[in-house]
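Data block below; observations after.
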Amino acid sequence: MDRRLDWVARKGVLALALYFAIAGGIGWLQYAIAAFVWLPLASNLWALASGSAWRAIARTGVSPTAAATFDLAVLGSMFLAHWYWTAFAYAVACGFAALMQAHAPSKP
């Protein structure tokens, strides 16, 4: 699958889940979204804590402006829904992903 299409599919599922959880009032989706957000954070922290070298993370293929705009919209909707800890985890997970991309050795 193309990296850009993969990014759009993953972020699209997250956006739909956020919409149905917040606007639709489907309460159990909050737990699914929290698991979706906390899992990458935990795996990134585990990789950093184990002392392993920076993992190579594939570039997403979308512009940094589009990615930042989406992330800010997700953070805004989570704060409006009073999901403060999940919003914090999402921001930290995005930050760790950016750090790992920046420090990953580039492949020609």
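So which residues in region 12-40 are closer than 17 Å to residue 98 by Cα and modelled with pLDDT of 85 or more, if there are any at all?
37, 38, 39
Restrict the check to region 41-60 and report whether at least one residue is buried (at least 16 other Cβ atoms within 10 Å of the Cβ) and either farther than 19 Å from residue 102 by Cβ or modelled with pLDDT of 80 or more (or both).
yes
Mind checking which residues of region 5-31 are aliphatic (A, V, I, L, M) and farther than 22 Å from residue 67 by Cβ?
Answer for region 5-31, where residues must be aliphatic (A, V, I, L, M) and farther than 22 Å from residue 67 by Cβ: 23, 26, 29.
Take the conditions in a helix (DSSP H, G or I) and surrounded by 14 or more Cβ atoms within 10 Å (Cβ to Cβ) and apply them to residue 70. Does it pass?
Taking the combined requirement at face value, the residue satisfies it.
Could you tell me which residue of region 19-33 is surrounded by the most Cβ atoms within 10 Å (Cβ to Cβ), considering only residues that are over 13 Å from the mean Cα position of the chain (by Cα) and hydrophobic (A, V, I, L, M, F, W, C)?
Applying the filter and picking the extreme gives 21.
Among residues belonging to region 81-108 that are outside any helix (DSSP H, G or I) and modelled with pLDDT under 85, point out the one that is nearest to residue 45 (Cα to Cα).
104
The values are calculated or read from the model by the stated rules, or taken from the named source; none is laboratory data. Remember, it's a predicted structure, so these values are computed and weren't measured experimentally. In this analysis, Cβ positions are derived from the backbone assuming ideal geometry, glycine residues included, and neighbour counts consider all displayed protein chains.
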